[in-house]
Amino acid sequence: MISLALSLPESGPTISALTTVSKFFGVASSIAVVGGLLSLGFFLEEKEGKLQSEALTLKRTISISAIVWAVAQAFNIVFTVANILGTSLSEALSLTTLRSFVTQITLGQYMFFQLCLAIVVALWIPRLAGVGASIFLLFLTIVAIIAPVFQSHASSSGSHALAIGSLVIHVIAISLWVGGVFAVSIASVESRLRVVPRFSQLALWAAIAVVVSGSANAWTRLDFASAWHSSYAAVVIAKAIATVGLVSIGLVHRRNLAKAMSSVLTSAGFAKLISIELSIMIVVLALGSWLSSNQPPIKDPDAPYDPALAVAGLPMPAAPNLKRIFFLFNPDALFLGILIVFVLLYIKGVRTLNKRGDSWPIGRSVAFACGILAINWATSGGFGVYAYFAFSSHMIAHMILGMIAPIFIILSAPITLALRTLPQGRTSDERGIRGTLIAALHSKITNFWVNPVVALLIFDGSLFGLYFTSLFGGMMQSHTGHFLMDLHFLLSGLLFFHVIIGVDPNPRKVPHLVRIVILFAAMSIHAFFSIALLSTSSLLDNGYYVQLHRPWATDLLSDQHLGGSIGWAMGEIPILLALVATFILWMRDDSRETRRIDRTAERKAAMGQPDELAEYNQYLASLANRDKRDE
């Protein structure tokens, strides 16, 4: 043990270099896993959702990559501990030290979470057999990759929502882009003809996202006027130049594909172009690994301590008024990026329908636009900003995300639009993206979630679990918790209103009477929750709002009671509207069923056959005659 300790390096430049190297291998191998799973889930040929023989070689490659990822992440944890504590590797390898790091330190928790997911992915890949499982594993891999980002140095830059959100988008986009190039590079010539056309569409949007998010993140984290000569700024500039080079190569790809796809994909020139692109991408990943391992220059080291900036990641705004509520804007880059993607997909779907001569109701497009604007207002607009600083504003944002925006989104029928416009399989045996969505909609897990009782428990039951436990105060302390809380409000609202008033296909047919009962139950539970908030005699935030030192609305308990009143008022009105909509849908279904019965009766009458009522009367008469004979 003594000789091992002597042979291990002490903390310093060597440990820093090892941290960067382990992080690079972890990032590179995880992106290789993304590319392989992307190819299995969307690019390679499949048959009725099952992977074919050409996927076997790729599975072996990404399985090795996943193992390298897990090992590199384990080393990265050890090197990070040694770097932070300034100790040797032998001391960092102490089980007590490692256990404390991964259980008590937030950064260690995120890194250990990534390690656990990497192990799960590595163990699952050899057992992959279907497209659906590949897509789910791709989702887990991306979640694992972005997990430590939420504790990156960007969080200390003073704009959490923009800095961390843009960095998350940057990491996701570059993972899909670089991973896709890796998948193309290892694909056979026959597979390449199927992989490249689909990847080229993804690569364009991924490249745009990389450039935009990277620029936004650099602008947020650095003050180039004062940090221009720092090594950190130099690496950022080098990475930006390399990224521009990658975009240029991507444009060459698309131009060559448009000219002569088959000949280009089988030529040596294509292999050379891919090699150059991969080489530049490796340089970009190496630069990114160095950036993530080093602290960016502080914009204003002499600035006085701002408790609001330190706790909420935003400077304290002035007291809310109508002007600030409507025009104040602090972009939550992650939510904003998600909204932009869905808006682009919705517009593309409508344009696809219009090009083939089909119509899409304008009312649904208007409803979608209203829903997107409401979500943006509650996350990046005035209420989204003040939600960090006042419980009453938080409750308004909560109601918009959970009650108002979901109704508009559900009425816009996004699933129906997707089913009508998503590409089908390239052969008669392939499911394609549309078939995969249909399979997901009819899966057992979807059937479980759309159970009205389950939807009600998530929609209203989670309110008590969030606000009347320590969970609310803990989640408000970090941007990650705040984002997950907002996401939960939105998704639970979408699920609930999809079950109750949804116009999209639902694998579980819920009777209208059951929907009305569920709505009355939701109304009662929500009223009880609001009354409970109004009756509180202590704060529910575990001291979060006290830390902000808010100069306006200083009576925190009164503000909490105001939030309860707002929740009661804003929560009951949407449910009442949903109740009215349910009655209307019920009457429409009855009218539709009546017209169907009438058409059937007319058709049978024209053919000289009795209608359903006459058949039923004849059946009753036959039963009566049989009873008389038995007597």
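Using a probe of 1.4 angstrom, how much of the accessible area of the stretch 333-397 is carbon and sulfur, in percent?
72 percent
Can you give the Rg to Rh ratio of the stretch 518-560, both from alpha-carbon atoms, with Rh computed by the Kirkwood formula?
Result for the stretch 518-560 is an Rg/Rh of 1.15.
For the stretch 462-534, would you read off the P(r) tail past 20 Å as a percentage of all alpha carbon pairs?
Summing the P(r) of the stretch 462-534 above 20 Å gives 45 percent of all pairs.
Show me, bin by bin at 10 Å from 0, the whole-percent P(r) of the stretch 9-53 based on Cα pairs.
Spelled out bin by bin, the stretch 9-53 gives 24, 28, 19, 15, 11, 2 percent.
Express the accessible area of the stretch 376-455 per residue in Å², computed with a 1.4 Å probe while the remaining protein chains stay in the model.
36 Å²
Report Rg (one decimal) and Dmax (nearest whole number) for the stretch 351-426, counting Cα atoms only, units Å.
Both quantities, over Cα of the stretch 351-426: 16.3, 53 Å.
Quick one: 3J(HN,Hα) in Hz for the stretch 458-464, Karplus 6.51/-1.76/1.60 with θ = phi - 60°, rounded, Gly and Pro as x.
Once θ is set to phi - 60°, the couplings for the stretch 458-464 become 5, 5, 9, x, 5, 4, 6 Hz.
Name the long-range amide H neighbours of SER88: under 5 Å, sequence gap of 5 or more, or other chain; modelled H, no Pro or chain starts.
Amide H to amide H, under 5 Å and 5 or more residues apart or across chains, SER88 pairs with SER11.
Round to a whole number: what % of the accessible area of the stretch 86-171 belongs to carbon and sulfur, probe 1.4 Å?
Reported share for carbon and sulfur atoms: 70 percent.
When every alpha-carbon pair in the stretch 1-151 is counted, what percent end up more than 18 Å apart?
Across the stretch 1-151, Cα pairs with separations above 18 Å total 59 percent.
Just the C-alpha atoms of the stretch 432-581: what Rg/Rh do they give, with Rh taken as the Kirkwood radius?
Using only Cα positions, Rg/Rh for the stretch 432-581 is 1.04.
Collect residues whose amide H, placed 1.01 Å from N in the peptide plane, falls under 5 Å from the amide H of LEU51; neighbours closer than 5 in sequence don't count.
The answer is GLY130, VAL131.
Can you report the principal axis dimensions of the stretch 39-101 using only the alpha carbons, biggest first, rounded to whole angstrom?
Largest first, the stretch 39-101 extends 54, 18, 16 Å along its Cα principal axes.
Order the peptides 164-170, 73-79 from the highest to the lowest mean number of other Cβ atoms within 10 Å of their residues.
Those peptides, ordered most packed to least, come out 164-170, 73-79.
The values are calculated or read from the model by the stated rules, or taken from the named source; none is laboratory data. What you see is a predicted model; the values in this text were computed from it and never measured. All Cβ positions, even for glycine, are placed from backbone atoms using ideal geometry, and neighbour counts span all protein chains on display. Heads up: the accessible areas ignore ligands, DNA and RNA and are worked out on the full protein's heavy atoms, side chains in. Shrake-Rupley method; radii C 1.70, N 1.55, O 1.52, S 1.80 Å.
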